[in-house]
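Participant: Structure below; questions to follow.
The values are calculated or read from the model by the stated rules, or taken from the named source; none is laboratory data. Keep in mind that what you see is a predicted model, and the values were worked out from it rather than measured. Virtual Cβ from ideal backbone geometry, glycine too; neighbours counted across all protein chains shown. Protein only, heavy atoms only, side chains kept; ligands, DNA and RNA dropped before computing areas. Shrake-Rupley method; radii C 1.70, N 1.55, O 1.52, S 1.80 Å.
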Amino acid sequence: MREWPACCKARGKDFTSIETDSPKFPDCLQQTLLVWVPCGWLWVSLPFYTLFFISKPETGTLPHSALNITKTILSICLFCLTLVSQLIEEHDGYNCTSREIPPAHYLATGLKAMTFLLATVLMQVQRVKGEISSGVLFLFWLLQLLCAIIPLESKIVNQAGCTESILYYIFFACLCVEFFLHCFAEKHRPRHTQGYREIVKPPCPEDQSGVLSQFTFWWFTSLVVTAYRKTLGPDDIWDQTPKLKSDTVVPPLEEAWEREQKACFSYKNGQTQTYSNFEHDSPDDETTPLISSNGHVPYKGIAFEKNKLLGNQNKPSLYRVLFRSYIVTWLKAVGYKVVSDGFWFLQPFIIGYLIALIEDKNTQYHPAWQGIILSVALFVGDILSSFFYHVSYHVTMNLGLSIKTALLGLIYRKSLTMTHAAKKSTAVGDIVNLMSVDCQRIQDGFTFSYFIVSFFVMVGLGIYQLWNLMGISALGALGAIVILTPVMGILGLMQEKIQNRILKLKGSRINLLNQVIGGIKVLKMYTWEKTFEKKVFDLRSEELKCLHKIANLNATSLSIAVHCPFVMLYCTILIYVLMSPDHFIDAQKVFTALSLVNILRFPVALTPFVISGLIQAYVSVGRIQRFLWNEDLDPNNVEFVMKADYAISVDNGIFTWDKQSYKPTLYGLNLKVKEGQLIAVVGRVGSGKSSFISALLGEMHKIQGHVSMKGQLAYVPQEAWIQNMTLRDNILYGKDLVEKKYRRVLQMCALLPDLQILDGGDMTEIGEKGINISGGQKQRVSLARAVYSNADVYLMDDPLSAVDSHVGKDLFKNVIGNEGLLKHKTRILVTHGVHWLPMVDTIIVLKEGAISEMGSYQELLSHSGSFAQFLQEYLIHVESSDEGDPEIQKIRDKMWQQVECATSEGVTSDDNQDIMAARKRRRSRRASGLRESIGHESISRSISKEMGAQKPQPPTETSSFSRLIEDETAQIGSVNIRVFVAFAKAMGIVVAILVFVFMTLFQGLNVYSNYWLTYWTEDPYLKNQSLTNTTTYEEKFITYLSVYTVLGIAQGVFIFFFAYLALNGIVKASGYLHQSMLRCILRSPMSFFDTTPVGRMMNRFSSDIDIIDTNLPLTFRLWMIMVFNLVSVIIVVSVNTPIFLAVIVPVSLIYFVMLRFYLPTARQVKRMESVTRSPIYNHFSETISGASVIRAFRSVDRFVDESRIRVDKNCTFFFAANTAARWISVRLETLGALLIFVAAIFAMITPDLNGAEVGLSVTYAMQITIAMNLVVQSVSDMEMNIVSAERVEEYTELKSEAEWIYPGHRPLPHWPFSGTVEFKNYITRYRPGLDLVLRGIKCTISNGEKVGIVGRTGAGKSSLTLSLFRLIEPAGGEILIDGTNITNMGLHDLRSKITILPQDPVIFSGSLRMNLDPLENYSDSELWKVLETAHLMPFIKENPQRLDYECGEGGHNLSVGERQLVCLARALLHKTKILILDEATAAVDMETDDLIQQTIRREFSDCTILTIAHRLKTVMDYDRVMVLDKGMIVEFASPATLLKNSQGVFYGMAKDANLVSK
């Protein structure tokens, strides 16, 4: 026996036999090991603990609380008691005897006293450093308490009444109290606020919990109780824990990525390339004129630098960044898991000792306490293994969530800094896919990644223990692992390629869906739903093919993983019995080996899950990495300064949209703008005006030169960017409300009349992309935002094109011009309204990307150069359209005279003809009092005045909030059984039944195979060694081995059929649900799309579908395996030890009560997580569309903060959902450990049980802990993941619009024959419960008649056109087309017979051919014909792709005018007898407007035309004008007739707008 240390030898060795009913423990043990372990722990931890305090950030000193003071006093008391006890022993003798005190006792006393003093000091350091709880001190006091139990027992038994014993009782009591107090955490001082109390969410309880609470997740209990009592809402949960907040986790990863970029990127300074005489244009610039120019300007000797990457191998690696950033936390989790595995592997040895005790009880006496100690050891080991496992899981879950949050932050910021060229290759749908799918997969991959290390640790320990047990036979198990693990690895590698393909297809599908939903109105009007549904279906079909391949691979790997334990045990037993001379194996070896294999089965079974998850994460990291590789805008493109001689300075600037292009978009720019100047930028379409503004914004690549800007910048884009928030918030744009300033901005931007029209005034919620306001209102809100910002420099890209001339004049006079609000600001205005040019300080004339002239109006006219020529052409063009109000026309007339003087000697004969015609029109117009410039904005104002509208009230803080978009709601209660039934039907009822049948057969055979082992090992014939070589012995051996082999093969077959049917069935169900949801959404009425954000729908098509595709199969197979395994465990243990039923019944009741108590939390937080995910994507899509505005206003950080707030809100629920799983698992595993303890005790006391039966019973009981944990995890995961199916299924039951086709009520093929439209007392509303928008419309529009529809915003103009398409259905009355009631026919039959040219040109990502003819009904010659008619032929012919030219997402490869001309070509191709023009030219320049109007007049001359008016020329030469107000027709006659009535509304509008002589 090992010798004790010399210090113990005062009285020699003091050992007592442990084979007695009352064991005695030697004094030497009590004075050495039981003292050294706890004290040694604290002293060994001291350096690391000190380092932790040094590196810990300051969080504030904790107060001197009662808890801290009591702990400190108790620690000092323990120090004193230790010394007092030593003094008493010096006086009275050792242990109240006269024995000599051994040296070990002196050492123990000194060590304990010093350690208690150290603990006291550490408690105060902890308080000063703000650490509320300490794991080091908690474990120290726990070890002290445990190690004090044996001495306590010795004192009670041997010297119960002596002074030293009494002191030790006090010492032990103080230890108990000290440990109890260390179970609680200290509290920080409450934050006090002066005045009003700050309303914030309570902090996360985890941050205020102690070590024990964190290990047991007790801090989470309050939320579980709340969820059980009521349905959880967003406000019922605490704030996100600071360690997981975006502000905490995003900046470190951003800094790490930036360091990686700096380390990997290198630029070659000074390398230039010279290009001259370029012949082709950049595909991204606006160099394609709608009116042909007179040739190209040669570019000579333009040199610029290109940044070059040194090589692909030097690109920054996101893999390296993630590894470096998170390896420490990951290793911490691995450490916890290894400790858990260590406790787990103690169990097989304890079982071996238990079996040995049972086997030997008839031959050798063993005291009962040994069995109890072994049972307690099983219980404690299982508890500790559970605690450490769940702590490690919690750490990795937090790690995965941190990585996801950080990556979301990286992606969001990257999307705000990408170059224009980068955006071409990365659509919005692709980025949404990265955020929704890839980030989640990376999180899942990191969460389970530590299982890889655990796999090797557990397999190594398992094989080592198996070797010690069964010798060389363990090579059988090792061989099975060595063979099967690489097979699963190969299957994983096969999955990687398929996963890449799936993610690409998913990205394409999401991108297409994003465009389909965004352009749903156009799809419905052109009856293209089926076509685009098929396009999405084709992509989804390819995706499903890949998913079926993945399912087949997963079925194979699952069969291997689940069946691997049997194969391992079979190989081990086979080798053992064949190598054994008697071919026999005893129960102790078999069931110890079985318990070891059962431990190994879980890492092996989880291997395919982990490998699959890691492969998906690896692929996703690569996809995000490629996205992050996209080039950023150079922040040094524009230098912002506070002091400079010029407000704007450009020196020798050369700019391009695409660095790969050989031709710069802008070149040779030199510009100096003084403060307060108003600069106009003019030029032909395609000359580079918008690019000029973009260059000043820093949006283009600066190849050469220097750009500086003084002060703050404001930007008004050509296409107004409107956020989904109130009108007031759109204008304030994050700034504080200053009432007086705000009212003045509204007044000057002509928005006050609109506030009366809008239901909630300035608190009216504006829908996505400004869906519920007009184009003119959008532009004025955009201008008001810029004005309110009070910037120093204003860049305005043609903001007046979307408003009529009268409102434009007011805006120029009151805001933009030198007498307006911005008169002291520096302004650069791109404009097509040349009548403003005499009122600006300087004019810049752009021609083919260069400044051809620059100077004042008079200076440029006197040069008779490009500007004079441009002015002449423009005025000729304007005169041909014959538009203008008197004041503007006076300006134009004066300009004509000046132009004629400047160019009288240099015109051609053709020019003279145009000029003479224009002069004639001018003289004719002067003779007439009629003016033909009427627009939507002036009409709005005029109707308000004529109809006696009250003066609009100024906005106030108490304005009522008018909601358009309702918050997304989550289901409540348990998931409806209908969802499970619907999913089973989607899988196939027969398949669903067979899945359960095959799993039942597999589990039944698995149990029977283990029973077969008990029959084999306990067969009395085989146990008789004297019969070893007999024939019967050999036959029995062969029979047992053969049956065992057949049972194993059958199990493998059944588990494969289960996995194959289940996984492929889920893929089939997912495809069915996706298609049903898509079909239902495409058939939903427009009211659904008006009130449902795109992000909310995309959330279901991306995240929810991905969960069904990826997570649900994993969860379902785990759920099936674990539920059946748990049932089999309970059956086996109960059969072997029936008394076990007395415990299993109440424990099962507790189990189900706790599960019922817990599931509401898991279900509801998952629902809230899904609901809070949508606003992330809504905000992101909105941000992408307005990125240039956000950058211009320098508000990137504010939008990043808003994104982080939304991400944090979502991640809070995700964190809660995962923590809830840990909470229930710890509690149920504690129940499972209790069952193991009871099973072991009952096995010890149950008579007539042999070793094999005890081994089988306890081995199966050990699986209860794992099975219960995984059952709860899989059930909760099923509950959480099936929520996605519930959300998808919710969108398969949306209210549908009318049928597309009624077979019995189809119109004749050539209907309508004439195009007569009749309204009969027609009334309608947008949605049930809303007010009527059309009130008794009664009129007839004859065939071929041209009717203009005018009225203020909200008068019902657009509602009238929507009614014709039945995008809103009648509430009464009817509409007849050629005598046929349109409500009696299918929507497609109706809509395909009406042509519309909408206000917003909707272009889909894809070829020009697809955008014109997605149904593929027309030949190429017909397509070329309409392109020529639409004036697009020159543009298309210049592109080598011709009809296959890629339009880009949203048509971003086309200018606004080109998009509208494509829509015109689309309308020409689908020409019908009825044409609707819905403010079709509201957002285009006058040149494009003129082209469109000329084409419409020529090509639709025999059609009935209904036009919502925006400019005069669209209605003044029409047959009749319909004036609407409040949904009613107030006037309807020819323009001439209406103007004769001086008391009429139309006349009043014209008079108010100065369009008739007063």
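Participant: Return the distance in nm (one decimal) between the two label points of a simple spin-label model at Val1043 and Glu1416, each offset 7 Å from Cα along Cα→Cβ.
Facilitator: 6.4
Participant: Does anything in the range 25-46 have its amide N under 19 Å from the 7 Å Cα→Cβ label point of Val157, and if so which residues?
Facilitator: What the label zone holds, given the 19 Å backbone N cut-off, is 25-35.
Participant: Here's a follow-up. In the range 1204-1247, which residues have a backbone nitrogen under 18 Å from the label point lying 7 Å from Leu1141's Cα in the Cα-to-Cβ direction?
Facilitator: Answer for the range 1204-1247: 1239, 1242-1243, 1246-1247.
Participant: So what is the relative contact order for the range 1071-1226, in percent, with contacts set as C-alpha pairs under 8 Å and at least six apart? All intermediate terms of the calculation are to be shown ahead of the outcome.
Facilitator: Numbers: 60 pairs, mean separation 50.5, N = 156.
Value for the range 1071-1226: 32 percent.
Participant: Further, regarding this structure: Roughly how many percent of the accessible protein surface of the range 429-516 is carbon and sulfur, given a 1.4 Å probe and a whole-percent answer?
Facilitator: The nonpolar share, carbon plus sulfur, comes to 74 percent.
Participant: Could you order Arg1391, Arg1306, Arg1198 by accessible surface area, starting with the largest, using a probe radius of 1.4 Å?
Facilitator: So the residues, ranked largest to smallest area, are Arg1306, Arg1198, Arg1391.
Participant: Roughly how many debye, to the nearest 20, is the charge dipole of the range 667-723 about its Cα centre, given +1 on each Lys and Arg Cβ, -1 on each Asp and Glu Cβ, and no other charges?
Facilitator: In total the dipole reaches around 220 debye.
Participant: Using a 1.4 Å probe over the heavy atoms of the protein chains, calculate the carbon and sulfur portion of the accessible area of the range 1050-1112 as a whole percent.
Facilitator: 66
Participant: Taking a probe of 1.4 Å, how large is the accessible area per residue of the range 1094-1185, in Å²?
Facilitator: Values: 2590 Å² over 92 residues.
For the range 1094-1185, the per-residue accessible area is 28 Å².
Participant: Also, quick follow-up: Sorting Phe220, Phe349 by accessible area (1.4 Å probe), largest first, what list results?
Facilitator: Phe349, Phe220
Participant: At a Förster radius of 56 Å, what calculated FRET efficiency corresponds to the Cβ-Cβ distance of Glu739 and Thr221, to the nearest 0.05?
Facilitator: On the way: r = 49 Å, r/R0 = 0.87.
With R0 = 56 Å, the Cβ-Cβ based efficiency is 0.70.
Participant: What is the extension gain from Thr1000 to Glu1290, computed as 0.36 nm multiplied by their sequence separation minus the C-alpha to C-alpha distance, in nm to one decimal?
Facilitator: Contour length minus Cα-Cα distance gives 101.2 nm.
Participant: Accessible area per residue for the range 1308-1378 in Å², computed with a 1.4 Å probe and the full protein assembly in place, what is it? Walk me through the numbers before you get to the answer.
Facilitator: Numbers: 2730 Å² over 71 residues.
Value returned for the range 1308-1378: 38 Å² of accessible area per residue.
Participant: Percent of accessible area on the range 1319-1454 owned by carbon and sulfur, 1.4 Å probe?
Facilitator: Percent of accessible area from carbon and sulfur atoms in the range 1319-1454: 45.
Participant: Could you compute how much accessible surface Glu1369 exposes when probed at 1.4 Å, giving the result in Å² to the nearest 10?
Facilitator: 70
Participant: Determine how large the accessible area of Lys1346 is when every protein chain is in place; take a 1.4 Å probe and give Å² rounded to the nearest 10.
Facilitator: Taking all protein chains as shown, Lys1346 has close to 40 Å².
Participant: Give me the accessible area per residue for the range 698-745, probe 1.4 Å, as a whole number in Å².
Facilitator: Values: 1870 Å² over 48 residues.
Spelled out: the 1.4 Å probe surface of the range 698-745, per residue, equals 39 Å².
Participant: Sum up the charges of everything whose Cβ sits under 15 Å from the Cβ of Arg1156, counting Lys and Arg as +1 and Asp and Glu as -1, but leave Arg1156 out.
Facilitator: It works out to a net charge of +2.
Participant: Test of understanding: what is the full-extension gain from Ser55 to Ile150, defined as 0.36 nm times their sequence separation minus their Cα-Cα distance?
Facilitator: 30.3 nm
Participant: Report the FRET efficiency, 1/(1 + (r/R0)^6), for Ala984 and Met725, where r is their Cβ-Cβ distance and R0 is 56 Å, rounded to 0.05.
Facilitator: Once the sixth-power term is evaluated, E becomes 0.85.
Participant: At 7 Å along the Cα-to-beta-carbon direction for both Val84 and His1305, put a label point, then send me their distance in nm to one decimal.
Facilitator: Label at Val84, label at His1305, 9.9 nm between them.
Participant: Oh, and also: Using 0.36 nm per residue of separation minus the Cα-Cα distance, give me the extension gain between Ala66 and Val128 in nm, one decimal.
Facilitator: Here the segment from Ala66 to Val128 would lengthen by 20.8 nm.
Participant: Suppose each label sits 7 Å from its Cα in the direction of the beta carbon; what would the Ser1342-Ser852 distance come out to in nanometres?
Facilitator: In this crude spin-label approximation the distance works out to 4.8 nm.
Participant: Any idea how far the Cα center of the range 980-1024 sits from the one of the range 1094-1143, in Å?
Facilitator: What the calculation gives is 17 Å, centre to centre.
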